[in-house]
Every structure is written in C-alpha cells, then in structure tokens.
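Asks: Take this structure, written in structure tokens, and hold onto it; I'll ask about it next.
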Amino acid sequence: MRLFPLMAALLLVLTISGSAAAQDWIEYENRDDLFGVNLPGEPEVEVTTYTSEFGAVLPARIYRAEEGRSRYSVTVVDYRGIRRILTEKAASCPAGAQTCAGGGEAGSGTGNWRMDHAGALVYASWRLLQRPGTEATHYNLFFSDLVLGHQLQLANADGSRTFVSILMHQDRLYIFEGTRPGELSPPLHFQLSVRFLDANGNHIRYRELYCNICPVPPLSR
C-alpha cells in the first residue's frame with residue numbers, strides 16, 4: 001500500500017497530537033450511502049448533484065464536519081444510473097456525433113456510459129487538480145480497506161493542506177477530504193478510518209483488492 005511519505009512513517013506509531021485530536025470524535029456510519037468514517041461530530045448533510053465527465057447529472061450528497069480550523073467532508077456520488085442517463089441523453093445527439101452518441105454497447109457504450117463509469121476515479125482526481133488556488137504536491141494510486149482508489153495532497157493558497165482519498169465501491173464514488181492548517185499533521189484519524197458497509201450496516205472486508213469495474217473478490221470472514 002502506497003501512502004504519503006509522512007503517513008507511512010506514522011502508521012506504526014500514532015502521534016500524541018493525533019491521538020488527542022481524535023479523543024472526542026465519533027465513529028460515524030451512514031446506511032444510505034453505505035460508508036463509515038471517523039468525524040469530529042455529526043456531519044451536516046447537503047443534497048446536491050454531480051456532473052460526470054460526459055455530462056450525466058448524478059445524485060450526490062456531501063457530509064461536512066469541522067474541528068477548529070480543520071474541515072472534513074465526504075462527497076458520495078451515485079453512478080448506478082449512469083447507463084440509463086447517458087443512453088437517454090444520446091438519443092438527442094446529432095447524427096454522426098460520436099463524441100455525444102458514443103461507440104455503441106460493444107465499445108464505449110451508448111452516450112459513452114462505459115467510459116464515464118470506468119473513468120470516474122480519474123475524472124474526480126482531475127477536477128481536484130484543477131481547483132483554483134491549489135497546488136498538487138502528491139498524487140498516487142492506493143487502496144483503503146482493500147478498495148482501490150486515488151490519493152492526492154494539495155497545498156492551498158491560505159497555507160492549509162488538503163488530503164484527499166477518492167474511492168469507488170459498488171458504483172458509488174466517494175471523495176474523502178481533510179483540510180488542516182499547514183502546521184498540523186495529516187488527519188490520519190480521518191483517513192485511516194474509512195470503511196464500507198453492506199445494507200445491514202455490517203463492515204465489508206475483502207480478501208483481495210477490490211476494483212469497481214473488476215469481478216468482485218471474495219469476502220473475508
């Protein structure tokens with residue numbers, strides 16, 4: 001598992017400051033969007049939408065919590081309707097417009113839904129890399145709870161740093177963001193607590209790496 005250099009050094013020994021910061025946190029779990037994460041209190045929830053790379057308007061929710069000058073959020077985007085949405089959208093494409101209509105079900109999918117679905121992690125990362133007033137200082141492939149994803153570290157114009165984990169599980173895109181003042185350590189108590197749940201609220205744990213567009217690996221006991 002690849003991690004930020006500082007995070008890798010801290011995995012074996014939890015820092016005193018990190019432990020103190022997490023003392024009053026809660027183990028938040030959400031059965032609607034099937035995830036769990038440690039947060040500094042119950043989050044505020046915003047119902048919104050997310051426009052995908054090929055123009056599908058997808059339902060999304062953002063969960064936000066704060067602790068002093070530190071901010072935490074989880075954005076969950078529901079990609080389960082991507083095929084239907086882009087197939088319907090393609091019906092109004094001008095004749096011969098491949099970039100709109102896609103390459104058919106054997107290729108990129110009607111309306112490019114296959115490409116949109118497969119590229120969700122890349123597109124979410126690209127959007128973050130284009131965020132105004134930020135500079136990417138780290139970007140890598142990683143996994144959390146054996147679910148494959150992308151990880152970024154951004155330096156912000158106000159001196160703060162944002163640590164991002166982007167994961168996709170069961171056709172839901174998850175964007176975990178922790179922003180802390182530059183003098184503070186990374187929010188390990190947030191990042192390392194990510195977990196995925198089944199419909200009954202049980203923690204899902206795989207025996208092998210999970211990739212959203214790959215065959216589902218067996219579960220651990």
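The values are calculated or read from the model by the stated rules, or taken from the named source; none is laboratory data. Please read all numbers here as calculations on a predicted model, not as lab measurements. As a convention, Cβ positions derive from the backbone with ideal geometry for all residues, glycine included, and neighbour counts pool all protein chains shown.
Asks: Considering only residues that are assigned to a strand (DSSP E or B), of a type in the set (Ser, Thr, Tyr) and surrounded by 16 or more Cβ atoms within 10 Å (Cβ to Cβ), which ones fall in the stretch 19-77? Break it down into steps so the answer makes sense when it comes.
Replies: Step one: of the stretch 19-77, the residues assigned to a strand (DSSP E or B) are 26-30, 35-39, 44-51, 57-67, 70-77.
When the remaining residues are screened for being of a type in the set (Ser, Thr, Tyr), the result is 28, 48-51, 63, 70, 72-73, 75.
Result: Tyr28, Tyr50, Tyr63, Ser70, Tyr72, Ser73, Thr75.
Asks: Here is a check on your reading of the model: is Ile213 part of a loop (DSSP other than H, G, I, E, B) and in contact with a helix residue (DSSP H, G or I) (Cβ under 6 Å, 6 or more places away or on another chain)?
Replies: Details: part of a loop (DSSP other than H, G, I, E, B): yes; in contact with a helix residue (DSSP H, G or I) (Cβ under 6 Å, 6 or more places away or on another chain): yes.
Here the answer is yes, as Ile213 does meet what is asked.
Asks: When you go through Leu184, Leu167 one by one, which is the residue that is touching a residue at least 24 places away in the same chain (Cβ under 8 Å), in a strand (DSSP E or B), more than 18 Å from Ile26 (Cα to Cα) and not aromatic (Phe, Trp, Tyr)?
Replies: So the residue among Leu184, Leu167 that is touching a residue at least 24 places away in the same chain (Cβ under 8 Å), in a strand (DSSP E or B), more than 18 Å from Ile26 (Cα to Cα) and not aromatic (Phe, Trp, Tyr) is Leu167.
Asks: Hey, another quick one. Look through the stretch 114-161, keep the residues that are in contact (Cβ under 8 Å) with a residue 12 or more places away in the chain and among the aromatic types (Phe, Trp, Tyr), and return whichever of them is nearest to Gly178 (Cα to Cα).
Replies: Once the filter is applied, the top-ranked residue is Tyr139.
Asks: Take Arg172 and tell me if it is buried (at least 18 other Cβ atoms within 10 Å of the Cβ) and over 16 Å from the mean Cα position of the chain (by Cα).
Replies: No, not satisfied.
Asks: Next question, about the same structure. Do we have His150 as at pLDDT 95 or above and either within 21 Å of Asn38 (Cα to Cα) or not in a strand (DSSP E or B) (or both) here? Can you show your working first?
Replies: Numbers: at pLDDT 95 or above: yes; either within 21 Å of Asn38 (Cα to Cα) or not in a strand (DSSP E or B) (or both): yes.
Against the criterion (at pLDDT 95 or above and either within 21 Å of Asn38 (Cα to Cα) or not in a strand (DSSP E or B) (or both)), His150 qualifies.
Asks: Output the number of residues of the stretch 50-109 satisfying the condition of being on the phi > 0 side of the Ramachandran plot and out of contact with any strand residue (DSSP E or B) (no Cβ under 6 Å at 6 or more places or on another chain).
Replies: Looking only at that region, the number is 4.
Asks: Is the stretch 79-101 home to any residue that is part of a strand (DSSP E or B), closer than 30 Å to Ala199 by Cα and of a type in the set (Lys, Arg)?
Replies: No, the stretch 79-101 contains no residue that is part of a strand (DSSP E or B), closer than 30 Å to Ala199 by Cα and of a type in the set (Lys, Arg).
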